[in-house]
1. If a residue has to be more than 30 Å from residue 79 (Cβ to Cβ) and touching a residue at least 60 places away in the same chain (Cβ under 8 Å) to count, how many in the stretch 10-66 make the cut?
2. Across the stretch 13-33, which residue is surrounded by the most Cβ atoms within 10 Å (Cβ to Cβ) among those that are over 17 Å from residue 103 (Cβ atoms) and touching a strand residue (DSSP E or B) at 6+ places or on another chain (Cβ under 7 Å)?
3. Select from the stretch 209-225 the residues that are part of a helix (DSSP H, G or I) and among the small types (Gly, Ala, Ser) and write down the one among them that is surrounded by the fewest Cβ atoms within 10 Å (Cβ to Cβ).
4. When the stretch 131-156 is examined, which residues are found to be over 19 Å from residue 36 (Cβ atoms) and not in a helix (DSSP H, G or I)?
5. Which strands (runs of 3 or more DSSP E) does the stretch 5-120 wholly contain that include 2 or more residues that are more than 22 Å from residue 137 (Cα to Cα)?
6. Can you spot a residue in the stretch 70-82 that is in the same structural domain as residue 127 (by TED's automatic domain parsing), within 27 Å of residue 134 (Cβ to Cβ), touching a strand residue (DSSP E or B) at 6+ places or on another chain (Cβ under 9 Å) and at pLDDT below 95?
7. Report yes if some residue within the stretch 111-130 is within 12 Å of the chain's Cα centre (by Cα) and modelled with pLDDT of 95 or more; otherwise report no.
8. Could you list, ordered by first residue, the pairs with Cβ atoms under 7 Å in which the first is in the stretch 198-217 and without any contact (Cβ under 8 Å) to a residue 40 or more places away in the chain and the second is among the hydroxyl-bearing types (Ser, Thr, Tyr), at least 6 apart or interchain?
Amino acid sequence: MWVGVVSIFPDMFRMLTSEGVVARAIASGALDLVIENPREHTEDRHSTVDDRPYGGGPGMVMKVEPLRRAIDALKQRAGGPTRTVYLTPQGTRLEQRNVEALAREERLVFIAGRYEGIDERVIEDVDEQISIGDFVLTGGELPVMVVIDAVARYLPGTLGNAQSAQDESYRTGLLDWAHYTRPEHVMGRSVPTVLLGGDHEAIRRYRLRDALGRTYERRPDLLSGRVLSNEERKLLADYLEQPGAC
């Protein structure tokens, strides 16, 4: 996958490209990440990328020309059709289905806005607007990194265990179950006995029960549109009767 990012703070992406899943995707050749700074596409000696909003009001707005030139430069480097995404609180809420759809794209260009936002005439030409939540950050760099990290998990060879991307929270519509590792006993607490016995079917039922219970308690909205199977209804009822049982 080829990914380009328009940002006036390209150094912010060094952490993303030097550690973790995204760095692994780049090292393996599964991901090619290019950052384009709009300041390099200005024509004045101050490299101005923003100006006062028409109609008055606080803050500054990112200008059309530097952004448009940066986007065009990335599209030329991409070597084929690209999907352009703008990260904004006004966009569609990011969900796992959006992440999986983006992961199927061959080429993406993300726009990281700053200040009060970007000129609407740039937004009119983007393919998609995405929000990572109903809150405001100082810029679009962190949201862009969040989306790239989420997408990179689905690129071939990125995760040590490909099954991890299949079993994780939200993909199945449920929160993840509780996880345990060694030692078996620590700080007066023990690993649930069912996980120690090697009965794979019992472990599957326990994990599904735990995932259903956690989702019911913490994110009931995820269950509102889900049609539970007979097994799921029984496991959830059992959880609600005995939340701590294992």
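1. 2
2. The qualifying residue surrounded by the most Cβ atoms within 10 Å (Cβ to Cβ) is 13.
3. 224
4. Matches in the stretch 131-156: 131, 132, 133, 134, 135, 136, 137, 138, 153, 154, 155, 156.
5. 32-36, 107-112
6. There is no residue in the stretch 70-82 that is in the same structural domain as residue 127 (by TED's automatic domain parsing), within 27 Å of residue 134 (Cβ to Cβ), touching a strand residue (DSSP E or B) at 6+ places or on another chain (Cβ under 9 Å) and at pLDDT below 95.
7. The answer is yes, given that some residue of the stretch 111-130 is within 12 Å of the chain's Cα centre (by Cα) and modelled with pLDDT of 95 or more.
8. Partner pairs satisfying both residue conditions: 209/239; 212/239; 213/239.
The values are calculated or read from the model by the stated rules, or taken from the named source; none is laboratory data. Keep in mind that what you see is a predicted model, and the values were worked out from it rather than measured. In this analysis, Cβ positions are derived from the backbone assuming ideal geometry, glycine residues included, and neighbour counts consider all displayed protein chains.
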